[in-house]
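Enquirer: Got a structure here, written out as structure tokens. Questions coming.
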Amino acid sequence: METPITKSQEFRSEFLRLLQSRRSHKVPLVADSSKPVQDPLFQAAVPSTETIESCPKENIGNLKEMLIEENLHLHTEAGEQGKLPLLIISLKDKSEERRPAIVFMHGTNTNKEWLRPWLEAYASRRYVAIGLDSRYHGERAHCKTAYRDALISSWKNGNTMPFIFDTVWDLIKLADYLTEREDIDPKRIGITGISLGGMHAWFAAAADTRYSVVVPLIGVQGFKWAIDNDEWEARVNSIKPLFEEARIDQGKKEIDKELVEKVWNRIAPGLASHFDSPYSLPVIAPRPLYILNGAKDPRCPLGGLEVPLKRAEKAYKETACPGNFKFVAEDGVGHEVTSFMIKESSDWFDKFLKQSGHVHM
């Protein structure tokens, strides 16, 4: 009988093969210094930072003066989108001790600069906090329609995967870089994100075991379930121009489930089949995973999580770590991050990344 580990390895090899199938040329893993971004690009209205500002922080009076900020470009592949912009914030520290690190992923149409209050809160608590621009966002976007245009181009040409998967490739390369840094404990690297960023966190952890603690916020969903149960509309509406373009190309009067499945298969092959949440969540076991969603979130309908959650629970039991898995759908909450989610994720990271230098396995 196959062990869960074998299944996980098979999943990762197959997923990596897909990611490599649409890459440009390999380049050496180099991080160049860059300048702070003075006027970050938002591709839609700027979301409030009030919730992430509620993140627990150490009471350091002169915190801003105590922080070190690094702006870098990490080369993850050839070409313009192969330059990964990083914003790394940490606390000045004279000790030689390696610290835990957390990667933070922004949502659709925002950027790493928006994450700053969240990064600073974790840095105050002695984490190395890493924000980045996902593909076609922030420094990787040259206009307000960059992400939308990239999605449409992927549908038409099938040569890139701007929805989730290309950024997961960057996150694998980022793990290569972070594990080599002298200030970071390579065994204590967490990842979290909001909405699209939550999807990035979930798939990066499925793809790469170096992300040892994972907290996706309002991102985990069942893509195939949504198609089969006509619950796809809210997710589709979040990137509507792509589906409108596909509808016209296919000569359809309206967007329907058949079209939705076609689009996912084209721009993110396997997203609505063998890489979907019923298969990708269990492979994160036994690493600590806390999924936080809104109970009324139409983009991540709870019905689509029944099977994935059952399978994940089973995987955590089989690896003798049932306490490393948690799911909460916050009552009355739609597609939004709350201060409860920010506090819960903070406590989860502290529990698994702060104690005794290693994750509990």
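Enquirer: How would you classify segment 46-152 from its alpha-carbon gyration tensor, with a ≥ b ≥ c the square roots of the eigenvalues: rounded for a/c under 1.5, else prolate if a/b is greater than b/c, otherwise oblate?
Expert: oblate
Enquirer: Let me ask something else about it. Go ahead and run the numbers for FRET between Ser95 and Asn265, Cβ-Cβ distance against an R0 of 41 Å, rounding to 0.05.
Expert: 0.25
Enquirer: Determine which lysines satisfy two conditions relative to Lys343: a Cα distance under 16 Å, and not lying fewer than 8 residues away in the same chain.
Expert: Correct list for Lys343: Lys57, Lys326, Lys351, Lys354.
Enquirer: Moving to a separate point now. For the chain, with a Gaussian network of springs between Cα atoms less than 10 Å apart, report the residue from Ala320, Ala31, Ala123 with the top mean-square fluctuation.
Expert: Ala320
Enquirer: Under a cut-off of 19 Å between alpha-carbon atoms, report the aspartates and glutamates in cross-link reach of Lys317, not counting same-chain residues fewer than 8 places apart.
Expert: By straight Cα distance, Lys317 reaches Glu2, Glu306.
Enquirer: Just for the Cα atoms in segment 266-361, what are the lengths along the principal axes, largest first, rounded to whole Å?
Expert: 43, 31, 24
Enquirer: How far, in nm, would the chain grow between His25 and Ile68 when pulled straight, counting 0.36 nm per residue and subtracting the alpha carbon separation?
Expert: 12.2 nm
Enquirer: Taking the chain as a Gaussian network, Cα atoms linked when under 10 Å apart, which of Ile130, Ile52, Ile189 shows the biggest mean-square fluctuation?
Expert: Ile52
Enquirer: Calculate the dipole size of the chain relative to its Cα centre from +1 charges on Lys and Arg beta carbons and -1 charges on Asp and Glu beta carbons; express the result in debye to the nearest 20.
Expert: It comes to approximately 500 debye.
Enquirer: Residues with beta-carbon under 10 Å from that of Glu58, excluding Glu58: net charge, scoring Lys, Arg +1 and Asp, Glu -1?
Expert: Taking every other residue near Glu58 into account, the sum is +3.
Enquirer: Please list, by residue number, every one of the GluC sites (Glu not before Pro) in segment 1-66 that is coil in DSSP and has at most 14 other beta-carbon atoms within 10 Å.
Expert: Sparse-neighbourhood loop GluC sites (Glu not before Pro): Glu2, Glu58.
Enquirer: Quick check: net charge around Lys224, other residues with Cβ under 10 Å of its Cβ, Lys/Arg +1 and Asp/Glu -1?
Expert: -3
Enquirer: Restricting to Cα pairs below 8 Å that are 6+ residues apart, what does the relative contact order work out to for the chain? Please round to a whole percent.
Expert: Across the chain, relative contact order equals 17 percent.
Enquirer: About its Cα centre, how strong a charge dipole does segment 149-208 have in debye, to the nearest 20, once Lys and Arg get +1 and Asp and Glu get -1 at the Cβ?
Expert: Its charge dipole is roughly 220 debye.
Enquirer: Taking the Cβ of Gly270 as the centre, find all other residues whose Cβ is under 10 Å away and add up their charges (Lys, Arg: +1; Asp, Glu: -1).
Expert: The answer is -2.
Enquirer: Which Cα, out of Cys300, Ala312, Trp225, lies furthest along the positive dipole direction of the chain (beta carbon charges, K/R +1, D/E -1)?
Expert: Of the candidates, Ala312 comes out farthest on the positive side.
Enquirer: Can you give me the distance in nm between label points at Ala320 and Gln38, each placed 7 Å from the Cα along the Cα-to-Cβ direction?
Expert: Here the modelled spin labels are 5.9 nm apart.
Enquirer: Would you mind giving the average projected area, over all directions, of the Cα convex hull of segment 190-282 in nm² with one decimal?
Expert: Over every viewing direction, the Cα hull of segment 190-282 projects on average to 5.9 nm².
Enquirer: Of Thr49, His73, Asn59, which is farthest along the charge dipole of segment 1-80 in the positive direction, counting Lys and Arg as +1 and Asp and Glu as -1 at C-beta?
Expert: The one lying farthest along the dipole's positive direction is His73.
Enquirer: Also, I was wondering about something else. Can you give the Rg to Rh ratio of the chain, both from alpha-carbon atoms, with Rh computed by the Kirkwood formula?
Expert: Rounded to two decimals, Rg over Rh is 0.94.
Enquirer: Ok, one more. Pairs Lys7/Lys224; Lys64/Lys92; Lys144/Lys296: which exceed 18 Å Cα-Cα?
Expert: Lys7/Lys224; Lys144/Lys296
No lab work stands behind these numbers, since they all come straight from the coordinates. Not measured: the values here are computed from a predicted model. We place every Cβ from the backbone using ideal geometry, glycine too, and count neighbours over all the protein chains shown.
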